[in-house]
Structures are given as C-alpha cells and as structure tokens.
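Inspection log for the structure reproduced underneath, given as structure tokens.
The values are calculated or read from the model by the stated rules, or taken from the named source; none is laboratory data. This is a predicted model, so every value here is computed, not measured. Don't worry about glycine lacking a Cβ; one is built from the backbone with ideal geometry, like all the others, and counts go over all protein chains shown. Accessible surface is based on the protein model in full, side chains and every heavy atom, while ligands, DNA and RNA are left aside. Shrake-Rupley method; radii C 1.70, N 1.55, O 1.52, S 1.80 Å.
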Amino acid sequence: MKAVRLIEPGRPLEMQQIDVPRIGARDILVRVKAAGICHSDAHYRAGRSPAYPLPLTLGHEVAGIIEQVGSEVTSLKTGDRVSLHYLISCGICFYCNRGSEQFCISVAMLGKHGDGGYAEYCRVPSRNAFLLPGEIPFEHGAIMMCSSATSLHALHKARLKPGESLAVFGVGGLGISAVQLAYAFGAMKVYGVDIRENKLEMARRFGAVPINAAETDPVAEIKRLTGDRGVDVALELIGLPLTMEQAVKSLAIFGRAVIVGITDRTFEIAPYDDLLNKEAEVIGVSDHLAQELPSLIEWVQHGKLDLSEAITDTVPLDADAINKALDQLEQSTEEVRVVITP
Ligand SMILES: [Zn+2]
Ligand SMILES: [Zn+2]
C-alpha cells in the first residue's frame, strides 16, 4: 500500500510502498477515508518532538471503514465506519486501571510511536475504534479526535456546570470547539478572546462574546462584562505566559483556569490575590480519554458541535501535497486545517 512517511527528521515526508499491516486477534484494519494534518505532525517532521521508530507513517487523526477484524473482535465488523482514538494504552497499568490512560506507562500514540493514517490502511486495537454515524463526514470524524476531543476533556477538567460563564483564550480550531461544547454543557455566557478579527468573528457566529485583546485588556473587559465578578472558567489554548496570567486573573471566586496551550516558559501568579482570596484553581490538561469520545461523537451527530467550517482544504494521499500543508502549518498564523482524503 501507499504510505507517506517520516524517514528522517528535518526532511520532507516521502511516499513509500509498504506492506498492508497484519492484524492481531484484537486488532482491526481500517481503510483510511480521512486523515487530519495536525500541527503536531509539523513538529514531528521538523524533529522538535521526537517520533519513532523511523521510518514512520504519520497521522493520528484518522477515520475510515473497517476492512478486516481480528478473530477475537466481537464489537465491530467489516464495513463499519469508525473514528480512531490515537492513544494506544496497555489497559492494565496503574494509570489505565484508574481510567487515566493518557498517563499509561507504555502509552503509544498512533502516528507518533507507530504507523498512523497517512496511508491507505491503518491498524489499531479494536478498543481504539469508535463507531461513526453516517451523518458525520469522515473528514470531521478524523479531526474531532484531536482538537475537539481535547477541548471536551478541558471542559470536563474545568468541571463546567450549567449556568456558569467561560472565557476561551484563543478561538482557533480548538477554541471554536470549546465555545460550542461549553454551550452544549449549559454555559450561560462564553467570552472568546483573540487578537485575530476573523477568528473573533467566527467565535461571534458560534455565540461567544468577542474580546479583541489587541485593542483592549481582556482581564479588565471580562471584569467589566461580568459586573466585576470574573468568569467561572477560563480556558487557555494559546500557550503563552501572558494569556495564562490573563486567564488566571479573569477568574471569579471559585474560578478554574484550565491550561491547554503548551509552553516551557513560566508564568506568574500572585498567590493571595489570584488564588487564595478566591479559592481559585489552576488545572493542567493532557490529551483526552477514550471514555469521552462517544459523547463527543453524539454532539457532532446532533449538531451541537458544528465542524462544517473547521476544514480549510483537502488533499490526496500524496507526499508533495502533504509536505506543502505541513509547510503552511509552519508558516501561517491563520487557521490551517487540511485533511487527507485518499
Ligand atoms: Zn492532532
Ligand atoms: Zn497502561
């Protein structure tokens, strides 16, 4: 089969002809119908985040049709439409046993630690596959397993309750999912903070109150709009110390700041004003859980999470086209969400 693979970090991906994966008794073989090209893939190609063993087929956002099931697989059958959960965990370690498989001691990520979806076929354990209803296009079924799933996990970690208010710092792909899911959770008011006018406009279309942080101090504006109370939950999706500080400072009493954006830099918290005096919390978020995915799929199926504007382009399973999309992700500050449709 054809597979577009990372041969060596720092070099363009290459098309290779490799064998169709052989499946074990509990595995399934999926004919890939859509594979999202993610910002993480650009990091793997550049070597900023190590992907191994090489050569490796990238692609962790995958949806397709089951081509073959292992002899012990009873819950799925050939022909089923599925979306794949990219964290392949052992199921028996300390963390897996406690339902926190993102911390599995031997977790392997599809398309990072094993061949992924930039190929005609992809093998996963059957428990990593979730039925995808016919109403959801494969393209949406692929991308929702990364950014939307992480937004959902962040809202779970935030313990967002009906009637609460939420500020989303960064209303790109992750943020637009967060805005919609927050309303699905019953949030009363969602504020979208960004500096890009087109992102703010999209946030507005999905019901968020836009706050342009290039024009106004978002903390002061959130305070003003909430009668000086602040928000119950602030979601930081950008990965900047400044916006992390703003997220914490925009909290109400008992507020929760949830940090999703990645940085290795530090940010400052004034312990008394920001935390103690509000009994506020700062919560980190890592990936998402398999158990969260069925409800995510239902929300997309029922239109609570609309991904129709999320995808900017589709490309064939072709090394040049995929490398070009990865170049765009490296260079553009605009939202780039390209999906491979082999
Ligand atoms: Zn991704
Ligand atoms: Zn485990």
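Note on segment 59-112: residues that are assigned to a loop (DSSP other than H, G, I, E, B) and either among the small types (Gly, Ala, Ser) or open to solvent by 40 Å² or more (accessible area, probe 1.4 Å) (or both) total 20.
All of (1) modelled with pLDDT under 95; (2) within 16 Å of ligand 2 (Cβ to nearest atom); (3) aromatic (Phe, Trp, Tyr) hold for Phe94 with one exception: (1).
Suppose the filter is in a loop (DSSP other than H, G, I, E, B), open to solvent by less than 70 Å² (accessible area, probe 1.4 Å), on the phi < 0 side of the Ramachandran plot and polar (S, T, N, Q); does Ser49 pass it? So Ser49 passes the test. Taking residues in segment 84-97 that are closer than 24 Å to Glu67 by Cα, and partners anywhere that are charged (D, E, K, R) and assigned to a loop (DSSP other than H, G, I, E, B), the pairs with Cβ atoms closer than 7 Å and at least 6 places apart or on different chains are Leu87/Asp287.
Restricting attention to segment 325-337 and to residues that are loosely packed, with under 15 Cβ neighbours inside 10 Å and of a type in the set (D, E, K, R), the residue that is farthest from the chain's Cα centre (by Cα) turns out to be Asp327. Number of residues in segment 39-91 that are under 29 Å from Glu334 (Cβ atoms), within 16 Å of ligand 2 (Cβ to nearest atom) and among the hydroxyl-bearing types (Ser, Thr, Tyr): the value is 1. The single condition from (1) more than 16 Å from ligand 1 (Cβ to nearest atom); (2) under 18 Å from Tyr118 (Cα atoms) that Leu76 fails is (2). Restricting Ala25, Ala35 to those that are open to solvent by less than 30 Å² (accessible area, probe 1.4 Å) and either in contact (Cβ under 8 Å) with a residue 40 or more places away in the chain or within 16 Å of ligand 1 (Cβ to nearest atom) (or both) reduces the list to Ala35.
Check whether at least one residue in segment 49-72 is among the polar types (S, T, N, Q) and away from ligand 1 (no atom under 16 Å from the Cβ), and report yes or no. Within segment 49-72 (the criterion being among the polar types (S, T, N, Q) and away from ligand 1 (no atom under 16 Å from the Cβ)), the answer is yes, since at least one residue qualifies. Please work out which residue is farthest from Arg196 (Cα to Cα), limiting yourself to segment 125-145 and to residues that are open to solvent by less than 20 Å² (accessible area, probe 1.4 Å) and more than 16 Å from ligand 2 (Cβ to nearest atom). Filtering segment 125-145 for residues that are open to solvent by less than 20 Å² (accessible area, probe 1.4 Å) and more than 16 Å from ligand 2 (Cβ to nearest atom), the one farthest from Arg196 (Cα to Cα) comes out as Ala129. Restricting attention to segment 265-315, the residues being open to solvent by 80 Å² or more (accessible area, probe 1.4 Å), free of Cβ contacts under 8 Å to residues at least 60 places away in the same chain, part of a loop (DSSP other than H, G, I, E, B) and not hydroxyl-bearing (Ser, Thr, Tyr) number 4.
Checking each residue in segment 1-18 for being assigned to a loop (DSSP other than H, G, I, E, B), surrounded by 16 or more Cβ atoms within 10 Å (Cβ to Cβ) and under 26 Å from the mean Cα position of the chain (by Cα) picks out Pro9, Pro12, Leu13.
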